[in-house]
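The values are calculated or read from the model by the stated rules, or taken from the named source; none is laboratory data. Everything numeric in this text was worked out from a predicted model, so none of it was measured. Counting neighbours? That spans all protein chains shown, and the Cβs are built from the backbone with ideal geometry, glycine included. SASA here: full protein model, heavy atoms, side chains in, ligands and nucleic acids out. Shrake-Rupley method; radii C 1.70, N 1.55, O 1.52, S 1.80 Å.
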2 protein chains.
Amino acid sequence: MKKISILGSTGSIGVNTLDVIERNPDQFEIVGLAAGSNVDLLCQQVQKYRPKIAALFDTTKLEELRRRLNGQQVEIVGGQDGSVQVASLPETDLVISGMVGCAGLVPSFAAVSAGKTLALANKETLVVAGEVILREAEKNGVSIIPVDSEHSAIFQALNGEDPKRIRRIILTASGGPFRAFSVEQMESVTVEDALKHPNWDMGAKITIDSATMMNKGLEFIEAKWLFGLDTQIDIIVHAQSIIHSMIEFVDTSIMAQMGIPDMRVPIAYAMTYPDRLDCDLPSLDLSAMGDLTFEQPDFIRFPCLRLAHEVMDAGKTLPAVLNAANEIAVQAFLDRQIGYKEIPELIESTLDRHQPHSADTIEDVLTADDWARNEARQLLTAKA
Amino acid sequence: MKKISILGSTGSIGVNTLDVIERNPDQFEIVGLAAGSNVDLLCQQVQKYRPKIAALFDTTKLEELRRRLNGQQVEIVGGQDGSVQVASLPETDLVISGMVGCAGLVPSFAAVSAGKTLALANKETLVVAGEVILREAEKNGVSIIPVDSEHSAIFQALNGEDPKRIRRIILTASGGPFRAFSVEQMESVTVEDALKHPNWDMGAKITIDSATMMNKGLEFIEAKWLFGLDTQIDIIVHAQSIIHSMIEFVDTSIMAQMGIPDMRVPIAYAMTYPDRLDCDLPSLDLSAMGDLTFEQPDFIRFPCLRLAHEVMDAGKTLPAVLNAANEIAVQAFLDRQIGYKEIPELIESTLDRHQPHSADTIEDVLTADDWARNEARQLLTAKA
């Protein structure tokens, strides 16, 4: 029986993880749940899965949670310290990190420090603090298993292979809803347009990141940390999102992982690796689906992709600043403060003002993150 | 230094194997070569690669070979016994079995009996004598590594995985040059039409088998033996031959092997498995190729596919009879004795006349093979 803690239990990854667990009650047991602010769903989850500990990041709602779970056998904790407690609970075997944004960093680091196997869906953790997290993982002999469908695909393609034999990684991108839009068409894009992802049903932040292709930029940076900074990583636009990513080996063989767009598949893989779980889901019907297409990504129409490549090359605190400025920009777009095309502009302006420094510690990273958020907010205010 | 013997050195597989060896002289050494009747090429190969032993199946040309290699340090042998000697040479580590047709059976069996790792490109070996060969391989602790691009793809997708977690194997088929032909169009197909394979450059027999899709039928039977008789194997028509085959696992994940259509890739994989060789070949350019398409196979327009499924279900000596009758039928077609549509008719008539018996020994299989060839020839004579 594998004991699981979930960071971000009420989000998309959390809910899908709980579904996998519910279908396989003989294999998994929930011991910790950490949520952001969704008291209703966290209450239901605690009552159903009976964890030892439940954390709510939003401390203003902590009293409400306590009141509603009165009489329930569960320790209730709040704030970032609460998430850290869930991440480092002694009985936990595996921590699923499914929080959105930079908030996932500190609890993910805590999980690695506590020697827990980390199933990582929070891409910001490696984007902003790749060096710190990987050093800590190595120190503690901890495995980091990616959950993002693309990184899971690469991880699966690498199973049984010698990483030294990789010629290049081919990261697939759907291209998002604006894949075929001209620069002019992008001028008038609305929040509603950007929230319509063609293939995956995800949260608002990551859906906007897919539209700008910043999501692919962040995945590019995450893949560099996961699979080797010296590894060549090419991005290819594959609108159907059927092939989730590929590895080309030195013999020119390409191993690809394909499948239905269902996050339970990579989640279950991370939970059972190197074994596979019978997921009781329908097979991909290759002959019923349309043709598979591939095209080169466009770094002009999607400047977020270019920015991500640039900060990965430059390193230091720049990826943390990119990520923080992107979070502010996406929120401003969702709040209708700025237009779609201003998202990369705000990020680039913030990056231009940054004095990069080393990203050797969590504090270094958090300082840069904090600086970038303030700077981006000031730029927004100046604009308004 | 891996010591290699090649059965069928002057054929397509043999020539490609020698190319891989020539590019990697520090890793491989040729110790034995066996050819059918191409004296010119075998002479050149002996002079270039200096094997200890060279065999020519066609004994009528043996004297010519001896004369032309006069003074060369090589043992020259002939007939089936000669191929068997090459297959079981004590110093050989790995035997590449690249002969065409049923002629590959006895030397392949000899290689397995002698405890050699067998890189198997001769699909007839398993089609006609799967049970005998696998029993002998198990007895001698011998690995059989498939070289056919489809079976190599499946073998690669299985690397690092638990075979018990396979949901189904998806064997891809190009569909050959007549993929989109109506039944009426097939009536007037010529030998020249059938010899034009859209994706692969292969010998005449296998090219005709691709046109009738008997090649896929034989591969279906071979895959059953290689990957488990109880494993579900679906055939899907994928005209571009970019995905060479796939495995769907119980979690619905599909692992696919893709690549350029170059036999040196699966040959090199079989020669270095579980490692991979730097092949110094160009990468597949996904964005430059056309769309990838998938469709269900048509068992009506391609009756050879139906016959292969039927004989695999019925077992015993029926696959051997199917294969032998197919060899006679294809030769008769190439010799313009019969039309394209008569190929499956001749095979089915031969199968209908067969009294199936057990295929427990090489003798059982060879008896059935011999019977089927005679029967098919008589049917041809009766027709003429």
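Observations, loosely collected:
- With R₀ set to 25 Å, the beta-carbon distance separating B:A384 from B:L195 gives a calculated FRET efficiency near 0.60.
- Dipole magnitude for the stretch B:2-146: computed about the Cα centre from +1 point charges on Lys and Arg Cβ and -1 point charges on Asp and Glu Cβ, it is near 180 debye.
- Whole-Å distance, taken between Cα centres, linking the stretch B:4-60 and the stretch B:283-329: 30 Å
- For the protein assembly as shown, the spread of Cα coordinates along the three principal axes comes to 93, 53, 52 Å, biggest extent given first.
- Carbon/sulfur fraction of accessible area - the protein assembly as shown, other protein chains in place, 1.4 Å, %: 47 percent
- Net charge dipole, chain A: roughly 620 debye, given to the nearest 20, about the Cα centre with Cβ charges of +1 for Lys and Arg and -1 for Asp and Glu.
- Across the identical copies, the label point of B:L195 (7 Å from Cα in the Cβ direction) is separated from its matches by 6.4 nm, in order from shortest.
- Kyte-Doolittle mean at least 0.0 and Cα axial length at least 18 Å: DSSP H helices in chain B: B:214-227, B:318-334
- Of the trypsin sites (Lys or Arg not before Pro) found in the stretch A:256-354, those in coil by DSSP whose Cβ has at most 14 other Cβ atoms within 10 Å are A:R336.
- Loss of accessible area when B meets A, both sides summed, Å² nearest 100, probe 1.4 Å: 3900 Å²
- Sorted shortest first, the separations between the A:Q355 label point and its copies elsewhere in the assembly read 9.7 nm; each point sits 7 Å from Cα along the Cα-to-Cβ line.
- Distance violations [Cα-Cα > 29 Å] among B:K48/B:K116; B:K164/B:K196; A:K123/A:K164: B:K164/B:K196
- With the label put 7 angstrom out from Cα along the Cα-to-Cβ vector, B:G315 ends up 6.2 nm from the copy partners, going from closest to farthest.
- For the stretch B:11-97, the set of trypsin sites (Lys or Arg not before Pro) satisfying both a DSSP loop assignment and a count of at most 10 other C-beta atoms within 10 Å is empty.
- Each of A:L134 and B:D58 was given a label point 7 Å from its Cα along the Cα-to-Cβ line. The distance between the two points is 5.9 nm.
- Dipole in debye (nearest 20) - the protein assembly as shown, about Cα centre, beta carbon charges: Lys, Arg +1; Asp, Glu -1: 600 debye
- Normalised Debye scattering of the stretch A:204-360 at q = 0.09 Å⁻¹ gives log10 I(q)/I(0) of -0.38, counting only Cα atoms as equal scatterers and leaving out solvent.
- Here's the picture: charge each Lys and Arg Cβ at +1 and each Asp and Glu Cβ at -1 in the stretch B:91-207, and of B:S188, B:N159, B:V112 the one pushed furthest to the positive end of that dipole is B:N159.
- Across the stretch A:103-201, the mean sequence separation of Cα contacts (distance under 8 Å, 6 or more residues apart), normalised by length, yields a relative contact order of 21 percent.
- Solvent-accessible area per residue, Å², over chain B with all protein chains present [probe radius 1.4 Å]: 38 Å²
- Cα shape, chain A, gyration tensor, a/c 1.5 rule: rounded
- Taking Lys and Arg as +1 and Asp and Glu as -1, the other residues whose beta-carbon sits under 13 Å from that of A:C304 total -4.
- Environment charge of B:T252, counting only residues whose C-beta is closer than 12 Å and scoring Lys/Arg +1, Asp/Glu -1: -1
- 18 Å Cα-Cα threshold exceeded, pairs from B:K316/B:K341; B:K205/B:K341; B:K316/B:K383; B:K139/B:K224; A:K2/A:K139: B:K316/B:K341; B:K316/B:K383; B:K139/B:K224; A:K2/A:K139
- Cleavage-rule hits (chymotrypsin sites (Phe, Trp or Tyr not before Pro)) in the stretch B:296-384: DSSP loop, at most 10 neighbouring Cβ within 10 angstrom: none
- Among the residues of B:157-170, the average count of other protein chain beta-carbon atoms within 10 Å of the residue beta-carbon is 3.
- Most positive-pole-ward Cα, B:S245, B:G130, A:L218, against dipole of the protein assembly as shown from beta carbon charges: B:G130
- Only DSSP H runs of four or more residues enter the estimate; each adds -39500 (n - 2.57), and after division by the residues of chain B the mean residue ellipticity at 222 nm equals -14000 deg cm²/dmol.
- B:R168 paired with A:N70, simple spin-label distance in nm, labels 7 Å along Cα-to-beta-carbon: 5.6 nm
- Gyration tensor (alpha-carbon) shape descriptor, the stretch A:220-301, a/c threshold 1.5: oblate
- Chain A has one residue whose beta-carbon comes closest to the axis relating it to chain B; that residue and its distance in whole Å are A:G160, 1.
- The stretch A:2-146, relative contact order in percent, only Cα pairs under 8 angstrom and at least six apart counted: 23 percent
- For the residues of B:143-156, the average number of beta carbons from a partner chain within 10 Å of their own beta carbon is 1.
- Within 10 Å of the Cβ of each residue in B:235-245, the mean number of Cβ atoms contributed by other protein chains is 2.
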